[in-house]
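The values are calculated or read from the model by the stated rules, or taken from the named source; none is laboratory data. Treat the numbers as computed from the prediction; the structure is a model and nothing was measured. No Cβ is skipped: glycine too gets one built from the backbone with ideal geometry, and neighbour counts run over all protein chains shown. We work out accessible area using only protein heavy atoms, side chains counted, and drop any ligands, DNA or RNA first. Shrake-Rupley method; radii C 1.70, N 1.55, O 1.52, S 1.80 Å.
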Amino acid sequence: MPATRQRRNPFAAVLAALIAALIVLVTLTACGSDSDGDSASPATASSAASTTHEVVDMGGRHVTVPTHPNRIVTNYPAVTQIIFMLGGIERVVGVPLSNLTTLPLFKKIYPPLAQKKAVFGSDTTTVNTETLLGQKPDLVVLTAGNQALVKKITDLGVPVVQIASFPNYKKLNEGVEFLADVLGGEAPRRAQQYVEYVDENVSTINKGLEGIPATDRPKLYYTANSPLNTEGGGSIIDNWSTLAGGVNVATAHGVQGTMKDVSAESIVQWDPEYVFCRDASSCRAIQADPRWSSVSAVRDKHLIVNPRGVFVWAARSAEEALQPLFVARTLHPAQFADVSIENEIKEFYKTFYSYDLTDAEVTGILNPTQP
């Protein structure tokens, strides 16, 4: 007997389909909701939230920045150097012109630096907006204080964070830590290592100078942009001068701030015992200028060309960590006889740049001839 085909009830079929669809919908909704009833996937929400975060930059601005910026532009050569130290140099796509035209040791240690685009001029404030946008930056790091430049770049749709000018070692450490927070990844660990190194150097110097009276602290003068341009109170130059056991004659005679012009007559009257020249050219000019001939530093051959490596030690860079040791050793050799500046330099470069300096390179850092 042939099988009898059962006729399907159309209403029952529709009802079954609706029930099945309802079960699937409820299941998907339950799986896709969090405990608060948000229908968004937690993984998707977490991914979206992690792409940016808010920071307070060193100019006091609240800025939303990428959690892991991959295309960074800087306007200050020392900031490029700090990012290098923190392990983020591969993410830098634009730099100031002076990163490409000065400080050859930086390019020697990190050859790809020479291929970076010059987005800012040597003055750090002149920006080529076409070149800037051509690098497709997701973050620009600027020195603090130029609000017009901040606005100009943010109006282009690029987030900007500001870095303070490092008037002292506390601010220098804060700046390194801030940049590390912005970079993320391994950078905060490297920053902590750097801060500990700076603090250890400060402790070493303070211990070495214990008991030395004010009368035994030599007077020093610092040349900034030229022999008759200096820095006084409120500058990191004044900070390392005092820390290293010296007296900055400019500050002692009322000079405040950075890059201040003074007269030759004033310097003769102040009569510094040591002169630290940021640039070798300034020391050469002083030696050739008869107005300086009566100054103790010239008479006693205490004209010191300040060391420079990946960046100038004296002025607002992470290599400033080495400066007070160098100055303390120069001013107070007996108290710091066991400090080898050569070994300190090699250790610093090995630790923070993963680079083994040769003896010739160390000599070049301690005895720069350019500019």
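Data for the structure
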read-out	value
Packing rank of 109-118, 218-227, where each peptide gets the mean count of other beta carbons within 10 Å, highest leading	218-227, 109-118
Kyte-Doolittle mean at least 0.0, axial Cα span of 30 Å or more - DSSP H helices of the chain	10-32
Solvent-accessible area, 1.4 Å probe, carbon plus sulfur percent, for the stretch 242-371	49 percent
Long-range tail of P(r) for the chain (Cα pairs > 38 Å, %)	32 percent
Expected 222 nm ellipticity per residue - DSSP helices of 4 or more, -39500 (n - 2.57), all of the chain, to 500	-12500 deg cm²/dmol
Radius ratio Rg over Rh of the stretch 314-371, counting only Cα atoms, Kirkwood formula for Rh	0.96
Sites Thr101 and Thr215 - FRET efficiency at Förster radius 35 Å, r taken between beta-carbons, to 0.05	0.20
Average accessible area per residue (Å²) across the chain - probe 1.4 Å, nucleic acids and ligands excluded	48 Å²
Euclidean distance between Cα centres, the stretch 98-122 to the stretch 312-347, Å	25 Å
Whole-angstrom gap from the stretch 238-301 to the stretch 140-180, using each part's C-alpha centre	31 Å
Shape call, the stretch 171-281: gyration tensor on alpha carbons, a/c limit 1.5	oblate
Protection proxy ranking of 77-83, 189-195, 307-313 - average other beta-carbon atoms within 10 Å, highest first	77-83, 307-313, 189-195
Efficiency of FRET from Cβ geometry, Lys151 and Asp181, R₀ 22 Å, rounded to 0.05	0.40
Rg/Rh (Cα only; Kirkwood hydrodynamic radius) as it applies to the stretch 94-207	1.01
Globularity index of the stretch 259-371, i.e. its alpha-carbon radius of gyration over 2.2 N^0.38 Å	1.16
The stretch 88-131: relative contact order as a whole-number percent, Cα under 8 Å and 6+ apart	41 percent
Relative contact order of the chain, pairs being alpha-carbon contacts under 8 Å that are 6 or more residues apart, as %	14 percent
The chain - charge dipole about Cα centre, Lys and Arg +1 at Cβ, Asp and Glu -1, debye rounded to 20	1340 debye
Point-to-point label distance, Asp271-Val202, nm (Cα→Cβ direction, 7 Å offset)	3.4 nm
Dipole of the stretch 147-272, positive end: most advanced residue of Ala148, Gln269, Gly211 [Cβ charges, Cα centre]	Ala148
Antiparallel content of DSSP bridges confined to the chain, in %, to 5	30 percent
